[in-house]
Amino acid sequence: MAGAAVLGRLTWRAADVVGVATETPRVKTIAFDVDGWPGHLPGQHVDVRLTAEDGYQAQRSYSIASAPDGARIELTVERLDDGEVSPYLTDELRPGDEIELRGPVGGYFVWEPSRGGPLLLVAGGSGVVPLMAMVRRRAALGSDVDTRLLFSSRAWDDVIYRDELEGLNGDGLRVHHALTRSQPPGWSGYARRVDAEMLAEVGPAPSERPQIYVCGPTPFVEAVAEALVELGHEPLRIKTERFGPTGG
């Protein structure tokens with residue numbers, strides 16, 4: 001199983017598209033078979049490189065959505081209208097196509113059930129992707145580690161992995177949704193941005209010394225991390241991964 005990776009030692013590999021699934025109107029999951037894939041840990045990412053006919057190249061990083069599964073990996077990509085890479089990945093790729101990727105990359109923002117818990121996962125939008133790899137790994141191994149996922153989305157139709165998360169909810173996993181812009185009729189979940197009160201309600205308490213992973217847009221991650229520290233959580237137990245405007 002792969003651990004931390006050094007970019008200088010990584011090689012670009014051919015990745016064959018074997019499936020494309022729609023998650024939301026703007027998000028798709030693409031499955032790849034990668035020859036020689038060394039394996040990965042939940043929370044790691046890959047670099048994707050596209051090369052145009054004229055030789056122009058564009059490169060972006062994407063978190064791996066799938067639990068470790070041999071030579072197959074899944075990337076969940078949100079389409080950015082003015083992006084260079086995401087529109088091609090979400091709109092153009094079909095089974096049988098091939099792209100280049102290298103990885104896995106990263107050894108800090110990773111978790112496996114053997115590392116124990118309790119576990120608090122806080123996601124903003126597509127920041128749920130690496131956290132979903134952790135949830136899937138937990139389920140695949142039949143782990144009962146106490147796990148709470150607090151997932152902030154704009155609306156119910158924007159909730160990535162919505163049906164799968166509903167199916168996984170239980171057996172020590174508790175999924176909480178916060179819808180910030182609109183809510184369906186009869187909505188009983190949170191209807192505001194993630195704040196300290198919400199984090200305290202979802203728990204675990206600081207005295208339980210949970211492992212905490214926060215991923216999302218930079219302002220979201222900074223606000224959540226600050227609120228967690230104010231609640232008394234140890235800063236060294238809060239791991240963050242953030243993304244901002246990169247051209248997509």
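The values are calculated or read from the model by the stated rules, or taken from the named source; none is laboratory data. Owing to the predicted nature of the structure, the values given are computational and were not obtained by experimental measurement. Cβ: placed from backbone, ideal geometry, glycine included. Neighbour counts: every protein chain shown.
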When both residues are 6+ apart or on different chains and their Cβ atoms are under 8 Å apart, which pairs have a first residue that lies in region 28-40 and is without any contact (Cβ under 8 Å) to a residue 40 or more places away in the chain, and a second that is among the small types (Gly, Ala, Ser) and in a loop (DSSP other than H, G, I, E, B)?
-> 33/71; 35/71; 36/71; 37/70; 37/71
Residues of region 84-112 classified as over 24 Å from residue 214 (Cα atoms) and small (Gly, Ala, Ser), total | 1
Within region 116-126, identify whether any single residue is surrounded by fewer than 24 Cβ atoms within 10 Å (Cβ to Cβ), more than 16 Å from residue 64 (Cα to Cα) and free of Cβ contacts under 8 Å to residues at least 40 places away in the same chain, and answer yes or no.
-> no
Residue check for residue 120: at pLDDT 95 or above and in contact with a helix residue (DSSP H, G or I) (Cβ under 7 Å, 6 or more places away or on another chain) | no
Note on region 168-202: residues touching a residue at least 24 places away in the same chain (Cβ under 8 Å) and under 20 Å from residue 139 (Cβ atoms) are 168, 171, 172, 173, 174, 175, 176, 177, 202
Please state which of the following conditions residue 77 fails to meet, knowing it meets all the rest: (1) in contact with a Pro (Cβ under 9 Å, 6 or more places away or on another chain); (2) of a type in the set (A, V, I, L, M); (3) crowded, with 23+ Cβ neighbours inside 10 Å.
-> (1)
Kindly establish whether residue 41 is within 27 Å of residue 111 (Cβ to Cβ), in a helix (DSSP H, G or I) and within 21 Å of the chain's Cα centre (by Cα).
-> no
Looking at region 173-192, which of its residues are aliphatic (A, V, I, L, M) and surrounded by 14 or more Cβ atoms within 10 Å (Cβ to Cβ)?
-> 173, 175, 178, 179
Residue 103 in a loop (DSSP other than H, G, I, E, B) and either loosely packed, with under 14 Cβ neighbours inside 10 Å or out of contact with any Lys or Arg (no Cβ under 6 Å at 6 or more places or on another chain) (or both) = no
Do we find that residue 229 is free of Cβ contacts under 8 Å to residues at least 24 places away in the same chain, out of contact with any Lys or Arg (no Cβ under 6 Å at 6 or more places or on another chain) and surrounded by 13 or more Cβ atoms within 10 Å (Cβ to Cβ) in this structure?
-> yes
Determine if region 162-172 includes at least one residue that is surrounded by 14 or more Cβ atoms within 10 Å (Cβ to Cβ) and over 18 Å from residue 127 (Cα atoms).
-> yes
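Could we say that residue 55 is in a loop (DSSP other than H, G, I, E, B) and on the phi > 0 side of the Ramachandran plot here?
When the stated conditions are applied, residue 55 passes them.
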Within region 28-61, residues surrounded by fewer than 19 Cβ atoms within 10 Å (Cβ to Cβ), in contact with a helix residue (DSSP H, G or I) (Cβ under 9 Å, 6 or more places away or on another chain) and of a type in the set (A, V, I, L, M) come out as 50, 58
